[in-house]
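Where a number appears in this text, it was derived from the coordinates with a stated rule and is not lab data. A quick note: this is a predicted structure, and the numbers were derived from the prediction, not measured. A quick note on method: Cβ atoms are made from the backbone with ideal geometry, for glycine too, and the neighbour counts reach across all protein chains shown.
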Amino acid sequence: MFIILFGAPGVGKGTQAKILSDRLGIPHISTGDILREAAANKTELGLKAKAIMNAGELVSDEIMVGIIKDTLSQDRCKNGFILDGFPRTLAQAEVLDKMFTELKINNINVLALSAEDDEIIKRLTNRRACKECNQIFTSQEIEGLTNCPRCNAENSFYLRKDDNEDVIRRRLAIFHSSTKPVLDYFINKRKVFIINGLQHIDEVTEDIVEKLKVS
Ligand code: AMP
């Protein structure tokens, strides 16, 4: 199954993508995770991307398209994948469509998670990530814990540099100006399922599962 998870930063794409990946047995492709890993490994790409990410700006289409082409052509992606964080611009969406045509993939499910900006700001300033498995938690969920509940890594929680309020506002502004048009592009071309991202995590998952008609 081929899934594109669309939505503003902080709406819960990563959380849902991980759940769906485990449930459907298809890889979770997060372009943000790929860039953060490159930054942690201090590769040339990572060093370039780090400052851009920390400022809440978008990494260039050229770089992102290169990453996505390399990733989606891997064997592990041939029976399906969940795209999280790509495409973020119309140019990326157009390239992705061409790739789908070349790879003869035509049953793509676009799931758009919705939420208001104010709620997103609250969520992002209150979230922590595990640096080992990239799982996102609310600070309440991990209060008093030293080990990650998902991968058991010790002392691995951190506040992402781009999760401070000024950067969040910048990321949201970019989402509205550059990324939102991608949704209209999809709506004109494909079936798009809109899901209320403000519900409890389990309810969002159930809505998705219902729409995809899987169990
Ligand atoms: P995310 O983890 O999806 O919120 O992504 C974190 C950051 O990585 C974004 O704020 C961008 O700086 C960068 N990034 C991730 N995916 C893309 C993309 N498709 N296009 C441009 N920049 C991206």
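A few points about this structure:
- Distance between modelled label sites at Asn196 and Leu103, nm, 7 Å Cα→Cβ extension: 3.3 nm
- In the range 122-215, one over the average inverse separation of all distinct C-alpha pairs is 15.9 Å, which is the Kirkwood hydrodynamic radius.
- Sequence-ordered 3J(HN,Hα) estimates for the range 51-67 from the Karplus curve with 6.51, -1.76 and 1.60 and θ = phi - 60° stand at 5, 5, 5, 5, 8, x, 8, 9, 6, 4, 4, 4, 5, 5, 5, x, 4 Hz, glycine and proline given as x.
- Here, P(r) means the percent of Cα pairs in each 10 Å bin from 0 to the largest distance; for the range 140-189 it is 20, 26, 24, 24, 5.
- Long-range amide H partners of Phe6 with built H, under 5 Å: Leu111, Ala112, Leu113
- Cysteines without a disulfide-compatible partner [the chain; Cβ-Cβ under 4.7 Å]: Cys77
- Each label point was placed 7 Å from the Cα along the Cα-to-Cβ direction; for Glu94 and Thr43 their separation is 2.7 nm.
- Relative intensity, log₁₀ I(q)/I(0), of the chain from a Debye sum that treats every alpha carbon as a point, q = 0.10, 0.13, 0.17 Å⁻¹: -0.42, -0.74, -1.37
- Unsatisfied cross-links (Cα-Cα over 31 Å) in the set Lys13/Lys69; Lys42/Lys213; Lys48/Lys131: Lys42/Lys213
- Phi angles of the range 19-28 translate, via the Karplus equation with coefficients 6.51, -1.76, 1.60 and θ = phi - 60°, into HN-Hα couplings of 4, 5, 4, 5, 6, 9, x, 10, x, 9 Hz per residue; Gly and Pro are given as x.
- In the chain, taking the dipole from charged Cβ atoms about the Cα centre, the farthest positive-side position among Ile142, Ala55, Ala91 is held by Ala91.
- For the range 173-215 versus the range 83-146, the gap between their alpha-carbon centres in whole angstrom: 11 Å
- A cut-off under 12 angstrom between Cβ atoms defines the neighbours of Phe6, and their net charge, with Lys, Arg +1 and Asp, Glu -1, is +2.
- Straightening the chain between Glu206 and Glu132 buys 23.9 nm, computed as 0.36 nm per residue apart minus the Cα-Cα spacing.
- Size-normalised alpha-carbon gyration radius of the range 1-81, reference 2.2 N^0.38 Å: 1.14
- Ranked by how many other beta carbons lie within 10 Å on average, peptides 94-106, 167-179 from highest: 167-179, 94-106
- Between Ser114 and Ala55, the simple label model (points 7 Å from Cα in the Cβ direction) yields a spacing of 3.3 nm.
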